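The values are calculated or read from the model by the stated rules, or taken from the named source; none is laboratory data. Quick caveat: nothing in here was measured; it's all calculated off a predicted structure. Quick reminder, even Gly has a Cβ in these numbers, built from the backbone with ideal geometry, and neighbours come from all protein chains shown.
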Amino acid sequence: MVGLGILSAPLDSSVNIAFPFITRAFDAPLEAIQWVVICYVLTYSSLMLVFGKLGDLFGHRRVFGAGLALSAIAYVLCGLASTFGMLLVFRVMQGIGTALVLSCGPALATMLFPETQRARVLGAYTMMFGIGSALGPSLGGLLIAEWGWASVFWFRAPLAAATLLFLFLLPRARLSATPRSFDAAGAALLIAGLSSFILAVNQARHAAGEGALLPILLAVSAVACTIGFVLQERRAPEPILRPGLFRDLRFSVINLTNTVVNLVGFAVMFLVPYFLDRVTGLPVVLAGAVLATSPAGLVMAGPLGGRLLGRVDAPRLAFAGAVLAGGGLLSIGQWGSAVPIVAMVASLVAVGFGLGLFQVAYMDIVTGTLPLSDRGVAGSLAMVTRTVGVVSGATCLTLIFAAFTPAGESVDPAAFLTPFSGTFTSAGGGLLAFLLLTLLCPGVWLRPTIGR
């Protein structure tokens, strides 16, 4: 039931293929489509940690159920939106629902089983995300062809409603008899800080001349809110996230690595579709199948990573997964116009499989470091660092691609290969260089556990 509930979140990748149809339906300019993404991603990423804490305080099943109900309503309303502005409002509503669901998903899943099985549960959880990511684009194309752009929202409403209907099957949480307070001031600072940071990163690509003022102001706001949040959490009787956790160098490095891994890993979904369209000339169905092999690698890695964690220490498995992902990105950078499909699939599977191994091991580390009473916060932290990486990737990869694009040349099929190869070589090489740098931090990857 938890897997079915969280499945609709990664299925949001089906919306990407509907972008041209949405802009035509509302007669909106092409650049306006970014707000369909921003309104959703900004909302759920800035709220997840707060909702994770609410789940720890008042019950994960209750928060999870509220998210399912709100998501089901939001999916229907997005499909019924009569104006582009209304669609954006309902995307914000969808983001709130997603934050409620994802913030408590890992906590619900792991608490259904003994702690000795936590790694396997997280492997299955990761697998569900991979399934949704793999199915989203292909399902979206089929639905749009038959029922139009609104169907990419409507088809997920029954998934959320069905899970909500059978939510009683999940056991109720045993809440602490000792009253626990909610840090409202810390929550407000955290939401404002994350929102400012994500918007600053998004607007950084437009920071030229007079356009630099907005991202600078947003960055200043993010820093100020972060400082205020840390000061507030130090004196709060029930902090949302204890700042002292990040005094542990290994815990800080593993969270930073999750951001970096997802930043460079986003290059696959960001640029490979254009390579398949402009360079290979593959039929759209075959191109979609090739692209789907990357999340398919993540699907395969989830259960296997859960089993391997019984034999391999989590930090070492995380490091191995990140290295494999970096190697896969480097190999994509070597693609040419005559690259065989087998070589493309091998590279994409390597990236997806490496990301899957890293993700399972990383979530095991984070959920094992924080106490059981903060399991909702732990799961939310894993999702927030991942989202920050993806959002940062959209900006950083765009800037790298532009830097490698020959001046004064249009990006035709031949000229496209130079910035494409340069971006993936930079992404893969940058990740491996970052991992090499982290080896200078004593014991980050070699010591078997991170202290609670």
Any hit, the range 198-216, residues being modelled with pLDDT of 85 or more and surrounded by fewer than 19 Cβ atoms within 10 Å (Cβ to Cβ): yes
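I want to confirm something. Restricting to the range 316-327 and keeping residues that are closer than 28 Å to ARG118 by Cα and either β-branched (Val, Ile, Thr) or in contact with a Gly (Cβ under 9 Å, 6 or more places away or on another chain) (or both), which single residue is surrounded by the most Cβ atoms within 10 Å (Cβ to Cβ)?
Once the filter is applied, the top-ranked residue is ALA325.
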Which listed residue, of LEU102, LEU135, is crowded, with 24+ Cβ neighbours inside 10 Å and either touching a residue at least 12 places away in the same chain (Cβ under 8 Å) or over 15 Å from the mean Cα position of the chain (by Cα) (or both): LEU102
Matching entry among ARG307, ARG278 (being more than 29 Å from THR395 (Cα to Cα) and among the basic types (Lys, Arg)): ARG307
Residue among GLY136, GLY97, GLY140, GLY130 that is of a type in the set (Gly, Ala, Ser) and at pLDDT 85 or above: GLY97
Filter pass, SER13 being in a helix (DSSP H, G or I), hydroxyl-bearing (Ser, Thr, Tyr), modelled with pLDDT under 90 and not assigned by TED's automatic domain parsing to the domain that holds ALA200: yes
Filter result for the condition that a residue is closer than 30 Å to ALA415 by Cα and at pLDDT 90 or above, over ALA343, ALA338: ALA343
Residue under evaluation VAL50, criteria (1) touching a residue at least 12 places away in the same chain (Cβ under 8 Å); (2) over 22 Å from VAL366 (Cβ atoms), criterion not met: (2)
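Criterion first (part of a helix (DSSP H, G or I), farther than 12 Å from LEU102 by Cα and either outside the structural domain of PRO371 (by TED's automatic domain parsing) or under 20 Å from the mean Cα position of the chain (by Cα) (or both)) does TYR40 satisfy it?
yes
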Leading residue by the ranking (modelled with the highest pLDDT) among those in the range 400-430 that are surrounded by 13 or more Cβ atoms within 10 Å (Cβ to Cβ) and assigned to a loop (DSSP other than H, G, I, E, B): THR405
Filtered residues of the range 20-62 (kept if under 20 Å from ALA382 (Cα atoms) and among the acidic types (Asp, Glu)): ASP56
Matching residues in the range 22-35 - criterion: being surrounded by 15 or more Cβ atoms within 10 Å (Cβ to Cβ) and modelled with pLDDT of 85 or more: ILE22, ALA25, PHE26
The range 229-238, residues that are under 26 Å from the mean Cα position of the chain (by Cα) and surrounded by fewer than 20 Cβ atoms within 10 Å (Cβ to Cβ): VAL230
Residue match in the range 162-179 (condition: small (Gly, Ala, Ser), within 30 Å of PRO371 (Cβ to Cβ), at pLDDT below 90 and assigned to a helix (DSSP H, G or I)): no
Any hit, the range 366-375, residues being surrounded by 21 or more Cβ atoms within 10 Å (Cβ to Cβ) and touching a Cys at 6+ places or on another chain (Cβ under 8 Å): no
